[in-house]
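S.K.: First the structure, then my questions, so here it is.
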Amino acid sequence: MGFKENLRAKIHLDSLLRKAVHSIKEPPEKRLVDKELTREILDMTDFEYRKGTNLHLYVRPLENGIMEILVLDNELPIYHTTVADVTLRKSPHWQDVFSIRNIRRIMNDQDIIVSRGKESLKRVHAVALGRLDLTYTRDDLDQLIREGMTGLEQGSSAKVREALDLFFELLGFQAVYFASLEPDLQMFGRSAPQAGATRSFEHLIILNEKSLTLGLRKGAFSRTNDSDLEWIAHYAQKQKRADLQGAEVFEFLADLALAQERRYPQPSAVLAESRI
């Protein structure tokens, strides 16, 4: 797959992780896991399915005969051991319990456990991310620019949003909400370096989905700054102009992406967003 397709896959993968994490019900003794979501994430990895005795296992080789093994149950444990060892511990035959050594292994998995629950989901998510080539070039970004411009020319809000969403994923932009604004206005920015207790953003992007107009105000802004709020109100009333408009916004976002390290993702923001 090309860069755009891989970036789409990354966005989908992050969405699956958020949903799967939020599906886990606690406390542990009553934990419930959405297995279909978990399978979707596993399908994007090199884990292979193996059906054991009363077990659903996903395995991948490590070294020296050791496997990384996820047991698809409500605990979601990941082990570093062999399939035979996991089968003994998780689904023993009655003959196995006549061995003291086996009983100890069945009762205690601390020697092989790597993670459980949410930590296992994060681990599998990281494995899936590692299989995506998310490096990019100017040509890759030019493709996103062209698609965004085509969306503006054709009046296609879907194409404009897709191009913006891909740039936002690269650059860490997020929706920013202001009270008492027109419902058709959507605003986005990325967190600016903290200069104080109040959270601020930089490079405010304003999309009007009704008129399909796109503007960008350069620099820092805050939802608690009166002059920033006044500017936004005037912009909404067409009394202020943005620093950049239309296709210029996509060009600016591409320049920002080229100015940062051309390997994506950085440590995934999805984990912070999910508070896991």
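Bear in mind that the values in this text are calculations on the coordinates, not laboratory data. Everything numeric in this text was worked out from a predicted model, so none of it was measured. Here the Cβ positions follow ideal geometry from the backbone for every residue, glycine too, while neighbour counts run over all protein chains shown.
S.K.: So how tilted is helix 3-23 from the main axis of the chain? Cα-based, degrees 0 to 90, rounded to 10.
M.R.: The helix 3-23 is inclined about 60 degrees to the chain.
S.K.: Write down the Å³ per residue value for the convex hull defined by the alpha carbon atoms of the range 102-186. Spell out each step's value before the answer.
M.R.: Numbers: hull volume 15.4 nm³, N = 85.
For the range 102-186, the hull spanned by Cα atoms encloses 181 Å³ per residue.
S.K.: Comparing Ala20, Ala179, Ala192, which has the greatest mean-square fluctuation in the GNM of the chain with Cα pairs linked when under 10 Å apart?
M.R.: Maximum fluctuation in the GNM of the chain, among the listed residues, is at Ala179.
S.K.: Arrange the following residues from fewest to most other Cβ atoms within 10 Å of their Cβ: Glu75, Glu40.
M.R.: The fewest-first ordering by Cβ neighbours comes to Glu75, Glu40.
S.K.: Work out the charge dipole of the chain with +1 on the Cβ of Lys and Arg and -1 on the Cβ of Asp and Glu about the Cα centre, then indicate which of Val59, Ala242, Ala254 is farthest towards its positive end.
M.R.: Result: Val59, furthest along the dipole toward the positive end.
S.K.: Calculate the length of the line joining the C-alpha centroid of the range 129-179 to that of the range 19-85, in whole Å.
M.R.: Each part's Cα centre sits 33 Å from the other's.
S.K.: Can you compute the helix-only [θ] at 222 nm over the chain? Use -39500 (n - 2.57) per DSSP H run of at least 4 residues, normalise by all residues, nearest 500 deg cm²/dmol.
M.R.: Dividing the helical sum by the residues of the chain leaves -13500 deg cm²/dmol.
S.K.: Gaussian network model of the chain, Cα springs within a sub-10 Å range: biggest mean-square fluctuation belongs to which of Val160, Val83, Val21?
M.R.: It is Val83.
S.K.: Please give the direction-averaged projected area of the C-alpha convex hull for the chain, in square nanometres with one decimal.
M.R.: Averaging across all directions leaves 18.8 nm² for the Cα convex hull.
S.K.: Pick out which of Glu182, Glu209, Glu147 has the largest mean-square fluctuation in a Gaussian network model of the chain, springs linking Cα atoms closer than 10 Å.
M.R.: Result: Glu182 has the largest fluctuation of those listed.
S.K.: Right, something else. If one takes the longest principal axis of the Cα atoms in the chain, at what angle in degrees, from 0 to 90 and to the nearest 10, does the Cα axis of helix 226-236 lie?
M.R.: Orientation of helix 226-236: about 80 degrees from the principal axis.
S.K.: To continue, here is another question. Under 8 Å for C-alpha pairs, at least 6 residues apart: give me the relative contact order for the chain, rounded to a whole percent. Intermediate results must be reported in sequence, preceding the final value.
M.R.: On the way: 384 pairs, mean separation 41.9, N = 276.
Value for the chain: 15 percent.
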